[in-house]
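Trainee: Supplied in structure tokens, the structure appears directly below.
None of the figures in this text is laboratory data; all of them are computed from the coordinates on show. Bear in mind the structure is a predicted one, so any value in this text is a computation, not a measurement. With ideal geometry, Cβ positions are generated from the backbone for all residues, glycine too; neighbour counts draw on all protein chains shown.
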Amino acid sequence: MSQCDESGHKEQRKVLLFVCRCGTNIAGVVDVERVVKYFSRREGVVVRDQDHCCSDEGIRRIREAIREEGACRLIIACCTPSLHGELFRRVAEESGLNKGFVEIVNIREQCSWVHYHDPERATNKAIDLIEMALAAAPYASPAKVVKVPVERSVLIIGGGVAGVTAALSLAEMGFKVYLVEREGFIGGHMAKWDKVYPTLDCSICVLGPQVSKAYNHPNIEVLTLSEVKSVKGFPGNYEVEVLKRARYVDEKLCNGCNKCLEVCPIQLPNEYNYGIGFRSAVVKPYPEAVPQAPYIDLRHCIGCYCCVGVCDPKAINFKEEDRVLKLKVGAIIVAVGFKPFDPKILEEYGYGKIPDVITSAEYERFLSSSGPTRGRVVRVSDGSVPKRIAFIQCVGSRSDRIGRRYCSRACCNNAIKQAIQTKLMMPGVDITIFYVDVRATGKLAEEAYRRAMDLGVNFVKARVGELRRTKSGKVKVFYENILTCEFVEEEFDLVVLSVGMEPPEGLRDLASMLGVPLSEDGFLSEYHLKLNPADTFIKGVYLAGACSGPKDITESVTQAGLAASRVAELLKRGEIELEVHAPTIDRSKCKLCLNCVRACLFGALKAGKGVV
Amino acid sequence: VTCRGCGACVAACPTGALVLSGYLNDEQISAMLRALLSRKSEYPLIVAFMCMWCGYAAADNAGLNKILYPTNIRIIRVPCTASISPKHVLEAFKLGADGVMIVGCYEQDCHYRVGRVRANERVKVLKELLKEVGINPERLMIDGVAASEGKKVAELMRSFTEKVAKLGPMGSEFEV
């Protein structure tokens, strides 16, 4: 493979050094001419400068130079190796140079971008870093690559719209999909929504068939009430343990008659509707739920067996036990979504204390025909129909005070949608949206914003300072109108807090299990925000939906499709090339002290057998 | 197949019989230290070993966000802080580094689960050893960051540079 005689003198190995200008990204600070001049007189070193090494022309020049100069080592001083390291290593490999002989010197992220206040020293540092790479170059060891077969199956964590979309896409391509959902039913937040912006399309009418198709797809195994407990292995070959909690209702036998729901004598606050209304200990939150079989909440079941009595197909089985499933998959897509922000920590809004202050998610349940009021908007305190409704934006978003600096992206459009929907349903209602900025972006969003204004929805630019319950039971809103600079008090019947998105429960644990880093905002971090939004730093693990930051349905679906296609790229050939990052042992030097065996963090080294 | 490639065994090997492919090997790191410290282009000169998952990634993040920090730090990328051989830390000091910083993940976030904890143990022993030979153990530090914490890694570099500058050049401990 290599064009170099590795047995010869190490010092005689010819080094090819490329210094990248990266437009002005590097050359604007680091004096590339000085760097090139500095190394040009060095024996055994060929130095070239290039505008963008990563461009088509740059790559061509690198390729030509390797061949023409007969270089044995390639050093590229450019951006971070995590950006184009793989690209340059591949170029070297294609030009006959083992990719282990490529070294990237990071003079952008570590010089020009962080020392632009001192170009002189930034240049000196660049020279230092290149000197270090040059010194190390002769001792580089060749990379070892192995081909391993891959499992043609995928684990998708999260059965919301992103997870379901990715699952269907992969299943249609012929991959086996395990769709793991923590709750009892798939569909996620979208299933809870009545209408979706910007067109006020019926949410369950578009999602329902997709979810049903996924559940019944021969290539998809839907595991509800399930959680991933451990992940082991490497790209193409993961072993996953999934805890599947008992449902106590056989999904195959159940005919969806819902008689069990009616006979169950238990009444509990309905979490699905955020505690509004009641549910029984046999749980099925809405009629279109998939799977159609309910599950039994054993913590609250009193064991009356009424449900067993009415179940004609004899689907209820209290002997069912929790199981741990061991799955073998080639890739993993994380699609665990988000959690709506809990506004209790914002004491000034009195959420949880003032009954008529609710969140936008709760409001949506009121709008929904399967919600606690069957689609009627009422005041929680007395069940009366509100005449004046206020929406407060940016609750749990864009706030340094509570450590959530990011914009949740969907709440402006959602508030506009909820306002339009309410206006159409109850034309006499008076609606005010208190906004910080209206960020109605996306296709048809501006049109929806204007429609809301045409329908008479008031938009007031204000940060609301406080909400208080009046003696007459109304909610008084204290705010400063930013445009008129006036402090105003106004009474409303119902106040809706447009809550933002937060990382879901348990995301940190899942992230550390998978080795995927979190971003500053607590969501998962993607490989590259612009061009690899569905990739993570771990090959074989991909992202879909809001788990990598607030996204609306359109964006989640788009990313889910990308994640699915990235998985297909990885698994379609049936085998993948992996670089070996395992140690090799030089037996002539080994004194059998077994320090290494003790040092191994994974018990991979065994005495007597050699290494791995 | 159980090997995850952290390099903890390589750092533990006293004879250099183990070589982890795909990353800088022992000889390469030694060569880099010699090349750097024979030049000593700045004062105080600090060698930073950063794990590729968190420390190095955070430094990249600092770059991406254009966060300024002092120019006197030279970063060496390693797979895990557990792979940093004590021999290289001592070598850096022997060759005249004014300070050595090790930046990895937070203990609980280590990509190799307990690599960072292992590194902490080694640093503790190394600090004892430095004290023994009369080098101020404050010249060596270890800390953790998350990959997204460019600001924090820049702050660590700034504060460590100030601290080392106060300690004076390497070897000033020996002057009476």
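Trainee: For segment A:17-86 and segment B:56-98, write down the distance between their C-alpha centroids in whole Å.
Mentor: Distance between centres, Cα-based: 23 Å.
Trainee: Also, quick follow-up: Quick check on packing: order B:29-36, A:383-390, A:303-310 by the mean number of other C-beta atoms within 10 Å, highest mean leading.
Mentor: B:29-36, A:383-390, A:303-310
Trainee: Continuing with the same structure: Quick one: work out the % antiparallel among DSSP beta bridges in the protein assembly as shown, nearest 5.
Mentor: Around 45 percent antiparallel, to the nearest 5.
Trainee: Summarise the partner chain shielding of A:511-524 as one whole number: the mean count of Cβ atoms from other chains within 10 Å of each residue's Cβ.
Mentor: Averaged over the peptide's residues, the number is 4.
Trainee: Compute the helix-to-body angle for A:411-425: its Cα long axis versus the longest principal axis of chain A, expressed 0 to 90° and rounded to tens.
Mentor: Long axis of A:411-425 versus the principal axis of chain A: about 20 degrees.
Trainee: Let me ask something additional. With point charges of +1 on the Cβ of Lys and Arg and -1 on the Cβ of Asp and Glu, referenced to the Cα centre of segment A:10-142, which listed residue (A:Ala137, A:Leu17, A:Ile76) lies farthest in the positive direction of the dipole?
Mentor: Value computed over the given set: A:Ala137.
Trainee: Show me the ranking of peptides B:94-101, A:558-565, A:205-212 by mean Cβ neighbours inside 10 Å, starting with the highest.
Mentor: Taking the mean over residues of other Cβ atoms within 10 Å, the ranking is A:558-565, B:94-101, A:205-212.
Trainee: Hey, what angle do you get for helix A:56-69 against the long axis of chain A, alpha-carbon based, 0 to 90 degrees rounded to 10?
Mentor: 30
Trainee: Further question on the same structure: Before anything else, pin down the relative contact order of segment A:143-236: Cα pairs under 8 Å, at least 6 apart, normalised by residue count, whole percent.
Mentor: For segment A:143-236, the relative contact order is 33 percent.
Trainee: In percent, how large is the relative contact order of segment A:246-321, given Cα pairs closer than 8 Å and 6 or more residues apart?
Mentor: 45
Trainee: Quick one: length gained pulling A:Leu455 to A:Lys232 fully straight, 0.36 nm per residue minus the C-alpha distance?
Mentor: Contour length minus Cα-Cα distance gives 74.7 nm.
Trainee: Also, quick follow-up: Quick check on the exposure proxy: order A:Tyr295, A:Tyr406 from fewest to most C-beta atoms within 10 angstrom.
Mentor: Lowest count first: A:Tyr406, A:Tyr295.
Trainee: Separate question: Post the alpha-carbon centroid distance, segment A:505-566 to segment B:4-50, in whole angstrom.
Mentor: Going from one Cα centre to the other spans 33 Å.
Trainee: Hey, another quick one. What is the Cα centroid distance between segment A:181-251 and segment B:102-176, reported in whole angstrom?
Mentor: Centre-to-centre distance over Cα atoms comes out at 46 Å.
Trainee: Counting only other chains, what is the mean number of Cβ atoms within 10 angstrom of the Cβ of each residue in peptide A:76-83?
Mentor: If you average over the peptide's residues, the count of other-chain Cβ atoms is 3.
Trainee: Sort B:Met141, A:Met425 so the one with the fewest other Cβ atoms within 10 Å of its own Cβ comes first.
Mentor: Taking fewest neighbouring Cβ atoms as first place, the list is A:Met425, B:Met141.
Trainee: Still on this structure: So how tilted is helix A:161-172 from the main axis of chain A? Cα-based, degrees 0 to 90, rounded to 10.
Mentor: 60
Trainee: Would you compute, from DSSP H runs of 4+ residues alone, the mean residue ellipticity of the protein assembly as shown at 222 nm, taking -39500 (n - 2.57) per run and dividing by the full residue count, rounded to the nearest 500?
Mentor: Taken over the protein assembly as shown, the calculation gives -9000 deg cm²/dmol.
Trainee: Ignore the peptide's own chain and count Cβ atoms of other chains within 10 Å of each Cβ in A:113-126; give me the average, rounded.
Mentor: Taking the mean over all residues of the peptide, I get 4.
Trainee: Straight-line reach only, C-alpha to C-alpha below 16 angstrom: list the aspartates and glutamates that A:Lys539 could link to, leaving out same-chain residues fewer than 8 apart.
Mentor: A:Glu86, A:Glu151, A:Glu239, A:Glu526, A:Glu569, A:Glu575, A:Glu577, A:Glu579
Trainee: Among the listed pairs A:Lys252/A:Lys328; A:Lys229/A:Lys319; A:Lys192/A:Lys232, which are separated by more than 31 Å between their Cα atoms?
Mentor: A:Lys192/A:Lys232
Trainee: Further question: Under 1.5 on a/c is rounded, so check that first for segment A:413-538, then, if it is not, pick prolate when a/b is larger than b/c and oblate when it is not; a ≥ b ≥ c are the square roots of the alpha carbon gyration tensor eigenvalues.
Mentor: prolate
Trainee: Also, I was wondering about something else. Where the only charges are on Cβ atoms (+1 Lys, Arg; -1 Asp, Glu), what is the dipole of segment A:246-321 about its Cα centre, to the nearest 20 debye?
Mentor: 100
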